[in-house]
Amino acid sequence: MLNSLVSMIDGALRARQEIFEYSNNPHCVFRLQLGAATNDIALSDGTLVPVGSRLINLHLWNEHIPPFPARGPTLGWARGMCRDLETSLEELAGFLASNSAFDDIAAVGGKMMFGSTEQTRLVAHFAERYGFVRAFDRAADHSIAEWLHLVGENILVSMIVIAQNPAAFRTDLFHRDRVQVYLHRAELVRRFGAPRKTALAFQLNGKRNMPSFGSAAGAPK
């Protein structure tokens, strides 16, 4: 019953936020959402994503995340997840290259959300191996509505974890720190821009429900 409820809520939110699949590859662990930078985004490598830049925001494809073994994550699980991340970014590079509507995409962003500041920073550091760079933290002064949104987001993510990957659930997941990371498009192309033929086949098969390009949602705060 929980799986059905979570699937219904998650599906409704994806439709509302215009989040869609860019690949049919079962090892692709991301969906994407179009967005735009609402302010200049300073990155830790000294570069900048200028205000107004068109972005892609990555969202985890929960059903494609390999479940934790009952005894917790193992070296084999970690290796498989690394391969899936590489496949996902190869698929994304191929998708952008084959769709002229995305020629002006400047960067790819992702929000790291984990149970503690230290855990999130460690994962953000791990993301650097794939070319992602951490954005400098902006002063957080959330309104009551924004705070309630964050609490609701934490609860939903925890419900998804319980439904999809129960071995990964911990009570501290109800409190999640957030770190934004970005991958410049040029770096995506340099690292992942020559997708394997098998990956390209997934780009060419099937249909995707893509939003109209003039109605892209704003980048997450």
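The values are calculated or read from the model by the stated rules, or taken from the named source; none is laboratory data. Small disclaimer: the values here were computed from a predicted structure and weren't measured. All Cβ positions, glycine included, derive from the backbone under ideal geometry; neighbour counts span all protein chains shown.
Listed values, structure above:
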{"item": "Tally of residues being outside any loop (DSSP other than H, G, I, E, B) and surrounded by fewer than 18 Cβ atoms within 10 Å (Cβ to Cβ) across region 23-53", "result": "3"}
{"item": "Matching residues, region 54-76, being under 19 Å from the mean Cα position of the chain (by Cα), without any contact (Cβ under 8 Å) to a residue 60 or more places away in the chain and either over 13 Å from Leu183 (Cα atoms) or surrounded by fewer than 13 Cβ atoms within 10 Å (Cβ to Cβ) (or both)", "result": "His59, Leu60, Trp61, His64, Pro66"}
{"item": "Members of region 114-145 that are of a type outside the set (Ser, Thr, Tyr), surrounded by 12 or more Cβ atoms within 10 Å (Cβ to Cβ) and modelled with pLDDT under 65", "result": "Phe114, Gly115, Gln119"}
{"item": "Condition check for Gly11: exposed (fewer than 15 other Cβ atoms within 10 Å of the Cβ), modelled with pLDDT under 95 and on the phi > 0 side of the Ramachandran plot", "result": "no"}
{"item": "Matching option when the condition is within 17 Å of Leu96 (Cα to Cα) and among the β-branched types (Val, Ile, Thr), among Ile41, Ile19", "result": "Ile19"}
